[in-house]
Structures are given as structure tokens and as C-alpha cells.
Amino acid sequence: MSQIAPTTRLIALLALLLAVVSALWVWQGLPDNGRAFILNLRLTKLVGLITVGAAVAVSTVLFQTVAANRVLTPSIMGFDALYMLMQTVLVIVLGTTAYVTLPASGKFLTEVGVLCALAILLFGTLLGKGARDIGRTILTGVILGILFRSADSFLGQLLDPDTFATVQSTQIASFNTIDADLLPWAVGISLAAIALAIRLGPQLDVLALGRNTAVPLGLRHSALVIGALALVGVLVSVSTALVGPVTFFGLIVAGLTHGLAGTARHRILLPVAALIAATILVAGQFLFERALGLGGTLAVVIEFAGGLFFIHLLLKGRVR
Amino acid sequence: MIRPLPVMLAILLSLFVTSLTIGAAQVSLRAAGSDAWAALVLMESRLPRTLAVVLTGAALAVAGTVMQQIVRNKFVGPDTTGTSESAGLGLLLMTILAPDSPVWVRMLVASLTALAGSAAFILLIRRLPAREVMLVPVAGIILSGVIGAVVTFIAWRYDLVQYVGTWLAAGGSSGIIAGRYETLWVAGAAAIAAWFAADRFAILGLGDNVAKGLGLDPAPVMRLGLMVVSVVSALVVVTVGMIPFVGLVVPNIVSRIMGDDLRRSIPVVATAGAALVSACDIIGRLVIYPYEVPVGLIMGIVGSVIFLILLYRPTRPST
Amino acid sequence: MIQIRNVDFQIHGNPILHDISTSIPKGQLTALIGPNGAGKSTLLKLIARLEKLQSGSVRIDGLDLSATPTEKLALVMAVLSQHTHVSSRLRLCELVGFGRWPHHHGRPSAHDRAEITRALELFDLTALADRFLDEVSGGQAQRAFLAMTFAQATDWLLLDEPLNNLDMAHARALMRHLAGLVRDQGKSITVVVHEINYAAAWADHVIAMKDGRILAEGPPADVLTEPLLSRLYDVPVAVGTHQGRPLILHHV
């Protein structure tokens, strides 16, 4: 008993918890009629929720490591808004018909690639130098997010003024509707990205110390920043493509992770974060959809709680 | 030296006339005298709309100046401090609880909830670490998001999401006709009240200690400021919806050009705000003519770009 | 004269001042000295009505602080606080102009304008009058705040560490200037100073505070002595004389 490290116990405990809520999600109140169909539906959603949770969690922890800051998250910095804007721009550049005839996989892979490049370009310049004025960096990200969202709606209107409503609907996150066509690709890509991130763990530990400490320790700082941002780009693409933008979820997860894990080692942090996020999403969706009958509102409630948590962090001066 | 006020007034006037002549229907200003139909379009649709846009821009810009003085931070505006969302919350509650209440009651309730939201923001930022100048607007934007989430949740429960969307998403003035915009004159009056108290707001901006030293009790000035900001935000949200960034960027630009001698600068701020919103409204009407893009959307793009430029261009020319 | 009677003050239950009773003489330059945390600034803020009295009373030229309207007090005393960061973009002349606000409340007369010009001249700011506050050095901004306080044209000036941000030459010039105002115009000035030799060189009256109590008060020659200063700062100091004034030596 005492041989097992507390962190291993934590991971085992979280995995068990996730297994329990997943089992509950799949088998609770399963009707006899159309059993196979509903089972299939529930399993698809379960895999989707776990993938989104893991992608959001790992991308947030990675991003905070690159920024050497516990308040910044990809969503707060406008990352997912950038994804949506890019999607709209792709439609315009490729033309609506060409875009629609593209296979879902090809479309998705193109989007992931473009977002990675943009992420490295934009956030690499913004964060790369160690972001001396962290307040200004956060503010910039928040404003960029607003800019991307406005530009996205604007372009959406240019495309077809009558479908403003549809454009707007994609801007609100929903865990209710997960795109099943994308799921196999999303699962594969995020598994690969997460595995790579865990492999880079020890180097990320050094990166988290900040540029001024990491460079004297012999870390190839710029290369690792670019690599980490690329992984963040991939994971944000996955989660945004599946459910839409969720601004504060990653912040809650990263906060909980750093609180619970009690270590700064990424090989522990990343799996813990992924498990926590997946558990919250599955349990939350179960609670809201089955118990409260409020299937569509989990995202709103998470935004609310996450926003309050963010303000709490600001007030406690935990910005640096 | 160029005098800013006459220049801005001239620009506003030309935008005003342009706005009157643009629209799905072809109307000539000269024809209005003889042509009854043209006169109808002008008086019932074009003029109310143009006035609404001008009043909105002017009042929001002045409200932004006031907000920046009472918060003592250049990077805030009524749309980034939870004020507008709180007004939306009040309006939504009135729609659900007392759908038959007259317009002025709704406006009053929306103003009161806006006041509560701004007061919450002031209490919040007083507890922020003092030196974090840039975190004040961040806290405000997040607070707006939290209140927005409450509004969305309630709207979802009562199936009013579409309805709420028109206030909280990009505001537009396309539906403004005679009889639908007149309450905005109250917002204009609030802005004029702020001008009368310009000196007091300027002293408040110097800090509580300086104000007290000069024999000015900061509390009532703060209350007046919050009332101006709340009334303006509530009326604008109720009438045309959210117009982001006007109250934030216009006072900053004017301040860069002519400083913060509020007595002199508030008229310029008001004119410039009116001109900016008019220009964005005209762009919104032309870009996919004869359809329209809401002015709030155009302001979202133009405003955030201006804001980023302000953020990265140092104030000091050289030392 | 400012009379302070039985003033206690605490912040969140921590006592800052203990039963302070003293008086500040009129027509003199008074220096409040003492180590960090002695309560000098707090006492000054209480007199300046920037902090509310919790107990005891303060009378300034016979006016009871808690019974006199704040607008009236602004005509009797002017205050310069620490930490005067301002986010407004004001020209120096506009900032100094606010010193006249208690007199006109928004409608400046020719006399007010003349006073502003005089204050700018007095603090050597005429050439900078049209510059913005964020375009001048810290010392120049500090002088602008002093000029604003002066423009208020009150009998009493309360200055909390006015030498902040000033180099040696400007600090000396300011103290000299303040002494001149007392001598030539009959002003009464109270300053909190950290560098004790400025008090030694220019003050007429010294109040030494430690741990929220007054340790000693009186003319500089009586207060600034070796045993008393060593006790005040818990550091051994030597006191010499230079040009007829005490000179405190605490080099190593």
C-alpha cells in the first residue's frame, strides 16, 4: 500500500471515477425497445465527451506551460474563435460547393493544419518573448477573441445574409450535438497529440519555469514553444469542431489539476487533467440531461462557474 | 492648430446627410419637399434611424468617458464592465415577470439592474491588486460573460434565446422607425448631465484623496457617474442592442489628441462617438446592399482593431 | 493652530495610533519624523480628513474637523498625498488649475487664472504648462502636484512625503521654498519627511513618532539629539552641527 506513489493512486482513483460515471451514462435507464440503437447513440456521445474533455484539458495545461502563467487558456486568448473564423474563411476561399463536396476528414485535417500554422504565428509572437506585461497579453487575447468572433459573424453575413441565425448558432457551445462523422478522426488525432505531449513531459517541466530560467538550463526554448503551440492548435481544433467554443472549461480543469495533483510534472499533470475534464463532462451531461432535463445548458453553466472561478483567481492575485 | 470640435461636427454633418440618403428605397432629399412618399420615408424611417444612431454613439462615448474617470482606467467602457448585460438581464426579467408593463417601467428596471451590475464591477475592481491596470478591463469582460451566461440560461429556460440575441449579440438599427427611438433622447440628456458635472468627474479621476483635499466628496460624484453610465447603457441596449467598443475607444482617441480637460473634451467625445457609429452604420448598410449588416458587428471589428492599436502604441511620444 | 485631542486609530483591529494629543503651531514649518510604520502618514491623513476619525477630535484654526463641511475645509487646508498616479491625460496647467476648484466650483475668474499662473511660476513650471502629465519626468509631475496644492491658497499645507521622486537639488529647493512660504507669507506647513536631515535643516518644529505614539516634539535642536534619535530609529547616530543647524550622521 505504502509503495504506491500518491500520484499513481490519484490517477487510478480518477480513472475509476470516470469508469463509474461512464457506466452510469451508458446503462442507466436503458429501454428494452431499440436497445442497440440507443446504446450506439450513447457510446458515440460518451466517446465524444471524453475526447473533448481530454483535448480541452491537455491543450489548456500545455498553453499555460508555454505562457508560464496559470490564468491564460487557449480559449481566453481567442484560440477557438480563430478556429471558427478560419472555417468561415475556408468556405469563402474554396467556395461553398467545393467546401461541401470535400470529404469530412480532408476538410478537418486541412482546418487542423491551418489552425496550427496560425497559432504558431500569432501566439508564438505574443508569448514567445516571455510576455513581460502579462496583463496586456491577456487583454490582447480577449480582444483578439472578440475581433475573431465579430469577423466570423461578419463574413457569415456576407456569405448569405439570410442564414445569420445558423452562423450564430454555431457560436454557442453545445455538448448535446456531437458530430459523429468527425469522431474517429478526432479520437485518433487527439490520442496522438496527447501521447506526444506526455512524451515531451520532462522538457515541458523545464519550459514551465519561464524563458529566463529555461534557456540557461539548455532547453531549446523556441523549438519547444512552437511544438507545444502546434499541439495546442490540434487539440483546440478537435474540441471546437466537436462541440464549439467553451471559454472557461479549460481554466476550471487546469485549476483543479494543479490543486489536486500537487506536482508540476507534466507526465502526471496531463493525464490527471484529461481524466478530471472527461469525468466532469460525462457526469455533468448525465446530471443535466437525465436528472434535470436541461440537456442543452451544461455549456452555459460551465461558462458561468468558470467565469466566477476566473474572477476569483484575479482577486487572489494569482495572475503571475 | 486645428480645432477638433468644428472638424468633428463637419464630419458628423456629412455622415448625417449621407445616412439620410442611403437605403433600400431610393429617396432624394430635394424630392422630399414635393414627393409625399419620399417625405414619408425620410420622416418615418431615415430620420429616426439616423437620429438613433447619432444619439447612441454620442451617449455611449460620453458614458465611456465617465466610466473611465470613475474607474480611473483608460481601458474600460460600459460594454466591458457588465453594465449592458445587466440591463439585458433586467429587461429579460421584465419580459418574463411583467410582459404587459409599459415601456418606461421596463427602461427603469433595466437602468436599475444596469446600475447594480456597474456597482458590482466597481466593488470587484476595488479588490483587485492595485497595480494591475490591464486586469481591470479583463475582469470587466469576464464579469460581462458571467452575467451574459445568466441571461442566456434564463432565456433558454423560457425559450427567449432569439429575443435576447438581439440585445446581447451585435446591435442593429435597421428596425428603428419613428416612435421606436425617442427614449434615446433620455440617454442624450444623461450625457449632457455628465457634461455639466465635467469638472467633478475630472477631479474624481485624480483620485479620492485629491478630491477630498479639494473639498469634493467623491461618493455622490461616483453615484452620478454610475447613474449616467447605467441609464445610457440600458436605453441603448433596449432600443438598438449592444454596440461594443464605442465607449472604450472614442474617449481614448480624443484623450490622445486633446487630453482630458473634460469640460472641453466631452463635446468632442460626443461628436466623435456619433460620427464613428454613423460611419459604421453606413458601412453596414452598403457592404451587402440592399441587405444590412448590423452596426454592432461592424463596431466589433473596427473597435477591436482600434483598441489593439491603442494598446500597443505607447502614450509617451518621447522622453 | 491644529489641536489634536485623544486620537486613537486602528485598521482591521490593529492599532496604528495610540491616544495622540498634540498641537501643530501656526506659522511654522513642522516636520513629522519617525521610522516606517510609526503612524506619521496616518496622523497626517486624519488631520487632512482623508481618513475618518475613529475617536478623539481634531480642530484646525478652531474649526472642528468632523463638524465642518469638506468644501469649507478645502479653503483652510490643502493636502498632497502620496501615490499621486493619475490615469487622466491632463496638461500641467489643467492639473494645477484644479487647485482653484474649491474657490470657484467650475466658473474660474480672472483672479483664479492669475493664481494658476503664479503657482506655475513659483514651482518653475511655466515652460512646461502645456505639456501632458505623462510627458514630464517624475520630479516635474511631483512639482506640478505641489503647485496644485499651493494654488489652493490655503493657510495650511499638509504634505505627505513631498520629496518623493525629487533629486537632491530639487528636494533642497523645495524645502527652501517651503521655508520661504512660511517666513514670507505666513503659511503653516506640515510635512512627513523620511530623510531626517531635511527636517534638521529646514523645520521650525519637529514631531517624532514611533509605534503610534509621539516620542518627542519641539524645536529641532531639542528633538534631534543623539539619545533620542538613537531610540527613535533603534540605530546609533551621531549629531553634529553644520551652519548652525543639527546634522545627523548615520553613515555606516
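We did not get these values from a lab; they are worked out from the coordinates using the rules stated. Small disclaimer: the values here were computed from a predicted structure and weren't measured. Positions of Cβ are backbone-derived with ideal geometry, glycine not excepted, and every protein chain shown enters the neighbour counts.
As I understand it, the value is the acute angle between the Cα axis of helix C:168-185 and the longest principal axis of the Cα atoms of chain C; what does it come to in degrees, rounded to 10? Rounded to the nearest ten degrees, it is 80. Need one word for the protein assembly as shown: rounded, prolate or oblate. Basis is the Cα gyration tensor (sqrt eigenvalues a ≥ b ≥ c); a/c below 1.5 gives rounded, then a/b vs b/c decides. Oblate. The calculated FRET efficiency for the pair residue A:109 and residue A:43, based on their C-beta separation and a Förster distance of 35 Å, comes to about 0.90. Residue pairs exceeding 26 angstrom between C-alpha atoms, taken from C:40/C:187; B:212/C:40; A:316/C:45; C:45/C:187; B:74/C:52: A:316/C:45; B:74/C:52.
Peptide B:289-299 has a mean shielding of 3, counted as Cβ atoms of other protein chains within 10 Å of each residue's Cβ. Listed by chain and number, the aspartates and glutamates whose alpha-carbon sits under 14 Å from that of residue C:26, ignoring those within fewer than 8 places in the same chain, are C:61, C:155, C:184, C:204.
Label positions at residue B:35 and residue B:21, each projected 7 Å from the Cα along the C-beta direction, are separated by 1.3 nm. Mean per-residue shielding of peptide C:130-136 is 3, counting Cβ atoms of other chains within 10 Å of each Cβ. Counting beta carbons within 10 Å around each of B:94, C:175, C:168 and listing the fewest first gives the order C:168, B:94, C:175. Each of C:184, B:79 was scored by other Cβ atoms within 10 Å of its Cβ. Arranged with the fewest first, they read C:184, B:79. Roughly how many nanometres apart are two label points built 7 Å out from the Cα toward the Cβ at residue C:105 and residue B:5? The two pseudo-label positions are separated by 2.4 nm. Under 18 Å from a label point 7 Å along Cα→Cβ of residue B:193: give me every residue in segment B:216-230 with its amide N that close. Hits in segment B:216-230 for residue B:193 at 18 Å: B:218-230. Using the Cβ-Cβ distance between residue C:249 and residue A:215 with R0 set to 45 Å, the FRET efficiency works out to roughly 0.45.
Taking a straight Cα-Cα cut-off under 28 Å and skipping sequence neighbours fewer than 8 places away in the same chain, the lysines within cross-link reach of residue A:107 are A:45. Computed FRET efficiency, Cβ-Cβ of residue B:105 and residue A:305, R0 35 Å: what is it to the nearest 0.05? Rounded to the nearest 0.05, the efficiency is 0.60. With the simple spin-label model, which puts each label point 7 Å out from Cα in the Cβ direction, the residue C:126 to residue C:82 separation comes to 3.5 nm. Sorted ascending by nearby beta carbons within 10 Å, beginning with the fewest, C:45, C:72, C:26 become C:72, C:26, C:45.
A dipole drawn for segment B:4-312 from +1 and -1 charges on Cβ atoms has a positive end, and of B:205, B:28, B:302 the residue lying farthest that way is B:205.
Across segment B:1-123, Cα pairs under 8 Å and at least six residues apart give a relative contact order of 16 percent.
Length available on full extension from residue A:199 to residue A:312: 0.36 nm per residue minus the Cα-Cα distance, which gives 37.4 nm.
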